[in-house]
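Okay, structure first, notes after.
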Amino acid sequence: MTKSVVGMFCEDIRAEKSGAFTLVGIMPDNVRVPVAPTPDQHGMIPKLCVYIRINLDSATPIKTISTKVHLPDGNVLDLGNVAPNIIEKAFEGTLAKGSPLATIVLRAEFPAFPVTTLGRIFAKVTVDDEEFIAAQLKLASGPETNDPAVEDVRHYSQMIKVGGPTTPTEPPPS
């Protein structure tokens, strides 16, 4: 594989002094908004962030990276292109360290994100001419249900303990 792209929607991204990023409130694939949008009123997510990590084969340089967020109402938020010097620096740093991967991290923050339509949000990244879905988020409203289409991703998670057995996490209490 010469490219991989993965992303997560979350409530906040904090840049640490160490150079690390802390993702706060990583969202499951399905999120309920408190107020369902109507023609007269919109729902709201107080802050919506997306964190995207792009890994590229250091032996296969690329020229362009662009990012867009596709909204359920058909609108597209163009987050722009990664500056060519950032791509160049990622590959130069990789070669200097002898790493097989050049990594580029993209972050976007949307304060007071209005929800005008329920449905799926997609964060898409295009590397040269190849498009990837980095992250998705389904916006729903109303009370919790047993509808499998809106099951919480936590029901399918597992903690892996280094040096010990794996233990499935318990679903949250009903």
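The values are calculated or read from the model by the stated rules, or taken from the named source; none is laboratory data. Note that the structure is predicted; figures quoted are calculated from it, not measured. Quick reminder, even Gly has a Cβ in these numbers, built from the backbone with ideal geometry, and neighbours come from all protein chains shown.
So, VAL76, is that one among the aliphatic types (A, V, I, L, M), more than 16 Å from SER4 (Cα to Cα) and loosely packed, with under 13 Cβ neighbours inside 10 Å or not? Yes. How many residues are in contact (Cβ under 8 Å) with a residue 24 or more places away in the chain, farther than 29 Å from LEU118 by Cβ and among the basic types (Lys, Arg) if we restrict to region 1-43? Total meeting the criteria: 1. The residues of region 87-100 that are surrounded by fewer than 14 Cβ atoms within 10 Å (Cβ to Cβ) and on the phi < 0 side of the Ramachandran plot, listed by number, are GLU88, LYS89, GLU92, GLY93, LEU95, ALA96, LYS97, SER99, PRO100.
Can THR169 be described as farther than 30 Å from ASP40 by Cα, modelled with pLDDT under 90 and hydroxyl-bearing (Ser, Thr, Tyr)? Criteria met by THR169.
When region 16-70 is limited to residues that are over 16 Å from the mean Cα position of the chain (by Cα) and among the small types (Gly, Ala, Ser), the one that is farthest from ALA96 (Cα to Cα) turns out to be ALA36. Of all the numbered requirements in (1) under 25 Å from ALA20 (Cα atoms); (2) part of a loop (DSSP other than H, G, I, E, B), GLU92 misses one, and that requirement is (2).
Quickly run through region 60-89 and pick out the residues that are at pLDDT 95 or above, of a type in the set (Asp, Glu) and outside any strand (DSSP E or B). Within region 60-89, none qualify.
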